[in-house]
Amino acid sequence: MKLPLPPLPTALQPKPKRPSEEEQVKPVEQVKEAGISAVDWIDERTSLSGAARWVMFRKIPKGTNWFYTLGSATMFAFLSQAVTGVVLAMYYDPSVTNAYESTRHITNDVFLGEFVRGMHKWGSTVMVVLICLHMARTFFFGAYKYPRELNWVIGVVLLILTFVMSFTGYLLPFDQRSYWATIVGVNINGTGPLAGPFLSDFLRGGAEFGATTLSRFYAIHMLVVPGAIAALIGAHLYLVARLGTTAPPWLKAESHEGIREERV
Ligand code: HEM
């Protein structure tokens with residue numbers, strides 16, 4: 001049997017630390033701790049972490065590749081358009097007398113104005129290209145089939161709304177090119193069967209092209225359609241998280257187990 005060691009004499013025992021000598025917690029650690037406490041505080045009251053985990057930690061099918069990033073790329077293009085659009089709206093004046101001048105002012109005088117305007121202009125093209133590539137990916141991978149038909153339909157509405165954004169945004173600089181191009185576009189809409197004439201009247205805000213047309217295009221471009229796109233992206237992503245993504249067709253062809261196997 002092993003006996004416990006006798007205690008050290010008091011003189012040899014380590015002295016307890018005085019409050020001033022206690023180990024200092026590093027500021028970085030303190031900041032981390034504060035962040036964690038704040039997130040915990042919110043989570044305790046909302047239980048949002050469960051939803052975040054459900055959306056972010058999903059199983060994805062074997063063979064998932066770079067083509068699956070096109071949807072997220074489209075979403076980031078939209079976010080970039082939203083941010084640069086808000087900055088432009090701070091300087092843009094949607095009146096027939098000032099629209100052109102305010103756009104020139106943004107390009108020539110405002111700090112980084114030309115850069116932000118360029119990002120918004122080229123970003124619109126990037127978004128259209130990305131959304132078409134993403135649609136092609138979902139089409140060629142057969143992702144529109146059961147049970148994802150509704151997500152395809154939401155996608156089609158998103159595609160139309162993206163085109164509406166491009167069309168309505170084109171008029172806003174109110175230069176010769178945008179003015180005449182929009183007249184052509186509105187006239188093309190007018191040639192559609194049944195709804196055509198109503199649609200072109202609605203877009204013009206009457207029989208003639210004028211001040212109401214510009215404010216109407218501005219309201220559609222910066223309020224109605226971005227709001228609808230944001231809401232529909234929410235629904236689109238909810239369905240992606242709920243249903244999972246489709247396996248590439250060459251892997252699906254190998255399996256005969258159906259949808260359950262696709263998701264592993
Ligand atoms: C603003 C536009 C859009 C955004 C932000 C968006 C975003 C996304 C994201 C992030 C995904 C999951 C990852 C991926 O497969 O890329 C996805 C999946 C999907 N999207 Fe889109 N999308 C948009 C437009 C469209 C369009 C125009 C269509 C078709 C007409 C479409 C149809 C689908 C389908 C069917 C899926 C499911 C893919 C699968 O199960 O593999 N989306 N979308």
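Here are a few things to note about the model shown:
- Hz values of 3J(HN,Hα) by residue in region 91-107 - Karplus curve (6.51, -1.76, 1.60), Gly and Pro given as x: 10, 7, 10, x, 10, 4, 7, 10, 4, 4, 4, 5, 5, 4, 4, 4, 5
- Sparsely packed loop sites in region 1-63 (the chymotrypsin sites (Phe, Trp or Tyr not before Pro) outside DSSP H, G, I, E and B with at most 13 other Cβ atoms within 10 Å) comprise 57.
- Rounded if a/c under 1.5, otherwise prolate or oblate - region 92-138, Cα gyration tensor axes: oblate
- A Cα-only calculation for region 80-172 places Rg and Dmax at 17.0, 53 Å.
- Between the helical axis of 149-171 and the longest alpha-carbon principal axis of the chain there is an angle of about 60 degrees.
- Our estimate of slack between residue 109 and residue 64, defined as 0.36 nm per intervening residue step minus the Cα-Cα distance, is 11.5 nm.
- Linear extension gain, residue 23 paired with residue 215, 0.36 nm per residue minus alpha-carbon span: 62.7 nm
- Sites residue 144 and residue 183 - FRET efficiency at Förster radius 30 Å, r taken between beta-carbons, to 0.05: 0.25
- Considering only 49, 166, 102, the mean-square fluctuation computed in a Gaussian network model of the chain, springs between alpha carbons under 10 angstrom, is largest for 49.
- The chain: C-alpha gyration tensor shape, a/c 1.5 cut-off, then a/b vs b/c: oblate
- Cβ crowding within 10 Å averaged over residues, with 88-101, 187-200, 22-35 ranked highest first: 88-101, 187-200, 22-35
Throughout, read-outs are computed from the coordinates displayed, never taken from laboratory work. Since we're looking at a predicted model, the values are computed, not measured. When we count neighbours, we look across all protein chains shown, and the Cβ atoms used for this are built from the backbone with ideal geometry, even at glycine.
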